[in-house]
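Trainee: I'd like to ask some things about the structure below.
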Amino acid sequence: QVQLVESGGGLVQAGGSLRLSCAASGRTFTWYAMGWFRQTPGKERDFVARISWSESTYYADSVKGRFTISRDRAKNTLYLQMNSLKHEDTAVYYCAAAGQPWRVPSSIIEYGTWGQGTQVTVSS
């Protein structure tokens, strides 16, 4: 069974940092692009960051310069280092893997495997 499990969420003060992890099992995602998304109640799930199989990265403008996406191939784990957190970063954060290897998703529908989400709350 292919599974992604996020961890590392929690409550942090504005200006603080958190590191999210996404552990993959059931499949090696070495050649898959992977990404982070976030969602607040009543709103759509928004793109946060993406890393390709070649380690190229791409960020939403709202997090550029503050968040860093990375992956550990040996551990089959994806990370999101979040610094200088703001109240508006409060959301449930989801990791996802592309539906096909060797392809860079251009939209959310191209991600085929999702984690269950982890809550990040930033107090102002």
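The values are calculated or read from the model by the stated rules, or taken from the named source; none is laboratory data. Just so it is clear, the structure is predicted and the values come from calculations on it, not from any experiment. For neighbour counting, all protein chains shown are included, and Cβ atoms are generated from backbone atoms with ideal geometry for every residue, glycine included. Side chains are part of the model used for accessible areas, which takes the heavy atoms of the whole protein and leaves out ligands, DNA and RNA. Shrake-Rupley method; radii C 1.70, N 1.55, O 1.52, S 1.80 Å.
Trainee: The conditions are (1) under 20 Å from Ser17 (Cβ atoms); (2) open to solvent by 70 Å² or more (accessible area, probe 1.4 Å), and Ala60 fails exactly one of them. Which is it?
Mentor: Single failed check for Ala60: (2).
Trainee: Can you pull out every residue in the range 3-57 that is modelled with pLDDT under 95, in a loop (DSSP other than H, G, I, E, B) and open to solvent by 40 Å² or more (accessible area, probe 1.4 Å)?
Mentor: If the condition is that a residue be modelled with pLDDT under 95, in a loop (DSSP other than H, G, I, E, B) and open to solvent by 40 Å² or more (accessible area, probe 1.4 Å), then Gly26, Arg27, Thr28, Trp31, Trp53, Ser54, Glu55 are the ones that fit.
Trainee: Still on this structure, please answer the following. Of everything in the range 101-124, what is touching a residue at least 24 places away in the same chain (Cβ under 8 Å) and over 17 Å from Val48 (Cβ atoms)? Give them in sequence order.
Mentor: Pro101, Trp102, Arg103, Ser123, Ser124, listed by residue number.
Trainee: Mind telling me which of the residues Tyr79, Tyr58 ends up being closer than 14 Å to Leu4 by Cα and of a type in the set (Ser, Thr, Tyr)? Write out each step before concluding.
Mentor: Details: Tyr58 fails: closer than 14 Å to Leu4 by Cα.
Just a single option satisfies the conditions, and that option is Tyr79.
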